[in-house]
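Beneath this line is the structure, given in structure tokens, with notes to follow.
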Amino acid sequence: MALSFHCEASSIYPQQEQVNYRNKKCLQIVKNLIRKIGIPSISSSPHISLQRGNWVKLICGASFEDVVDIRNLSLVYALAGVDCIDCAADESVVNAVNEGIEAAREIVPFQRPWVMISVNDDEDLHFRKAKFDPEDCPPDCSRPCEMVCPSNAISLKDGVITERCYGCGRCFPVCPYDKIRAVTYVRDAVATSQLLKRNDVDALEIHTSGRQTDLFKELWNNLKDSIGNVKLVAVSLPYVGDSTVSLMNTMYSIMEPHLCCSNLWQVRSMIYELDGRPMSGDIGRGATREAIAFAVHLTALRDRPHGFLQLAGGTNVHTVNGLKKARLFQTTCITGILLFLFSLLYLFESQYFIKGFIMFMILTVQEYVIEGEISTVKPPGLLDALIGGVAYGGYARKIVGRVLSKMQSQHSLACVEDYPDHLLEALKEALALVGTVKCYDLPSELP
Ligand code: SF4
Ligand code: SF4
């Protein structure tokens with residue numbers, strides 16, 4: 001018996017040693033990778049990212065409440081350098097995000113990304129859950145609902161796993177028996193106000209349907225006493241046709257008195273989230289088009305309200321390319337001015353006159369002509385980017401979620417940093433996405 005124990009122990013021990021060695025090595029690779037890339041959030045603030053147009057936000061989901069996944073997603077994307085992590089206005093979810101951020105900071109010290117909580121003023125797609133009673137389902141149903149769910153939120157036994165459902169709605173139309181219904185809700189303003197007073201909550205996002213500003217005003221009035229604690233207020237709204245800009249201006253006029261009276265005005269910003277095609281970034285390339293079209297439309301307007309613009313809804317790895325094609329990626333007014341001066345240098349050199357003139361015309365047209373409309377573009381400031389950045393939701397969760405699911409299938413509910421090989425794999429996915437906006441110089445062959 002003793003021999004047998006000894007034999008088992010001696011055969012397990014070297015294996016454990018190997019695992020420990022491999023884990024240590026992977027963790028060191030993670031640290032080296034982050035240092036080598038030079039993640040900007042280590043040295044610069046989220047506010048600067050907005051001004052430069054390289055702001056990246058991870059959307060955990062206004063309704064997604066799986067705290068294990070949220071913690072691990074926050075850890076991975078914090079390491080990848082996001083400026084902000086947006087989550088449900090729920091205490092346990094906020095705790096999970098902060099725990100993930102702190103675990104990431106123990107691996108590599110860096111500036112904390114902002115934590116943003118999301119609320120709604122009215123019924124909104126982001127604030128709903130699917131529900132059905134599995135007992136009512138015909139036993140021969142092929143369960144298409146389970147297959148389309150991007151969040152693995154439907155189980156054979158329990159029906160919808162509430163905390164994993166983020167309300168994307170894909171399961172509703174596929175049920176041949178019409179068994180699935182949507183349960184909508186509005187986040188409690190009093191509880192949200194309490195959360196905003198926490199030191200580890202930095203920003204607020206208000207989802208509004210744009211149908212009526214009375215509800216927006218009511219929510220704002222309920223939250224205004226805690227607004228002084230946040231660094232950023234974001235408003236997420238859909239494109240509602242020609243009235244979009246006047247709606248934005250009305251909302252800004254409701255908020256402005258309370259934003260101005262704060263002595264934090266220097267660091268507080270307004271940000272408008274251009275919600276193209278909600279919760280669809282994981283579907284494919286085309287999903288990002290609506291958010292870009294929305295951005296093109298708004299940046300071309302003279303009278304858009306003060307504030308940064310950020311893309312969301314359908315955003316994915318193709319979004320930055322779309323912005324580049326629309327000449328909106330990290331474009332500022334000053335770009336045009338500097339290029340104008342550069343052109344003048346050419347003009348002084350007589351042999352370069354024609355070349356300089358042509359260059360000036362091209363650059364001017366590039367800067368001010370968007371989708372055929374000539375406009376005087378008005379960014380938040382001369383040096384600020386026209387588009388502050390991009391928020392990634394479903395797509396970001398999908399690419400890292402694949403790795404987290406694999407880890408959980410092997411190790412059950414686990415902290416990703418305890419399995420550095422999985423952490424490294426997840427980080428590579430996150431860096432590839434965040435890097436499209438942050439312009440990381442990723443090594444040609446990632447370890
Ligand atoms: S498909 Fe969407 S709405 Fe349906 S359960 Fe899954 S996450 Fe929820
Ligand atoms: S598709 Fe409809 S009937 Fe079939 S398992 Fe899903 S909810 Fe039940």
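On the given criteria, is SER49 assigned by TED's automatic domain parsing to the domain that holds TRP114, in a helix (DSSP H, G or I), modelled with pLDDT under 75 and surrounded by 12 or more Cβ atoms within 10 Å (Cβ to Cβ)? It is false that SER49 is assigned by TED's automatic domain parsing to the domain that holds TRP114, in a helix (DSSP H, G or I), modelled with pLDDT under 75 and surrounded by 12 or more Cβ atoms within 10 Å (Cβ to Cβ). If I filter segment 58-68 for residues that are surrounded by fewer than 20 Cβ atoms within 10 Å (Cβ to Cβ), in a loop (DSSP other than H, G, I, E, B), assigned by TED's automatic domain parsing to the domain that holds VAL233 and hydroxyl-bearing (Ser, Thr, Tyr), do I get at least one hit? Taking every residue of segment 58-68 in turn, none turns out to be surrounded by fewer than 20 Cβ atoms within 10 Å (Cβ to Cβ), in a loop (DSSP other than H, G, I, E, B), assigned by TED's automatic domain parsing to the domain that holds VAL233 and hydroxyl-bearing (Ser, Thr, Tyr). Within segment 164-187, residues that are in the same structural domain as ALA89 (by TED's automatic domain parsing) and without any contact (Cβ under 8 Å) to a residue 12 or more places away in the chain have Cβ atoms under 8 Å from residues that are assigned to a loop (DSSP other than H, G, I, E, B) and near ligand 1 (Cβ under 10 Å from one of its atoms) in no pair, counting only partners at least 6 apart in sequence or on another chain. Set side by side, the residues CYS145, CYS141, CYS168, CYS175 differ, and just one is buried (at least 21 other Cβ atoms within 10 Å of the Cβ), over 19 Å from ASP66 (Cα atoms) and not small (Gly, Ala, Ser), which is CYS145.
For segment 214-228, the set of residues classified as surrounded by fewer than 17 Cβ atoms within 10 Å (Cβ to Cβ) and touching a helix residue (DSSP H, G or I) at 6+ places or on another chain (Cβ under 7 Å) consists of LYS217, ASN222, LYS224, ASP225, listed by residue number. Restricting segment 176-188 to residues that are closer than 12 Å to LYS131 by Cα and not aliphatic (A, V, I, L, M), the residue that is farthest from ligand 1 (Cβ to nearest atom) is ASP178.
Each residue in segment 188-210 was checked for being free of Cβ contacts under 8 Å to residues at least 40 places away in the same chain and of a type in the set (A, V, I, L, M, F, W, C), and 1 pass.
Would you please name the residue that is nearest to ligand 1 (Cβ to nearest atom), looking only at residues in segment 127-163 that are polar (S, T, N, Q) and touching a residue at least 24 places away in the same chain (Cβ under 8 Å)? Per the criteria, the residue is SER151. Going by what's in this entry, would ASP140 be described as within 16 Å of ligand 2 (Cβ to nearest atom) and in a loop (DSSP other than H, G, I, E, B)? Answer is yes for this residue.
The residues of segment 105-137 that are within 30 Å of ILE48 (Cβ to Cβ) and either part of a helix (DSSP H, G or I) or within 16 Å of ligand 2 (Cβ to nearest atom) (or both), listed by number, are ARG105, GLU106, ILE107. Only residues that are of a type in the set (A, V, I, L, M, F, W, C) and either touching a strand residue (DSSP E or B) at 6+ places or on another chain (Cβ under 6 Å) or more than 15 Å from ligand 1 (Cβ to nearest atom) (or both) were counted in segment 164-175, giving 2.
Scanning segment 218-250 for residues that are modelled with pLDDT under 85 and aliphatic (A, V, I, L, M) gives LEU237, VAL240, VAL245, LEU247, MET248. The single condition among (1) away from ligand 1 (no atom under 16 Å from the Cβ); (2) at pLDDT below 95; (3) over 29 Å from LEU219 (Cα atoms) that ASP121 does not satisfy is (3).
The values are calculated or read from the model by the stated rules, or taken from the named source; none is laboratory data. Remember, it's a predicted structure, so these values are computed and weren't measured experimentally. Counting neighbours? That spans all protein chains shown, and the Cβs are built from the backbone with ideal geometry, glycine included.
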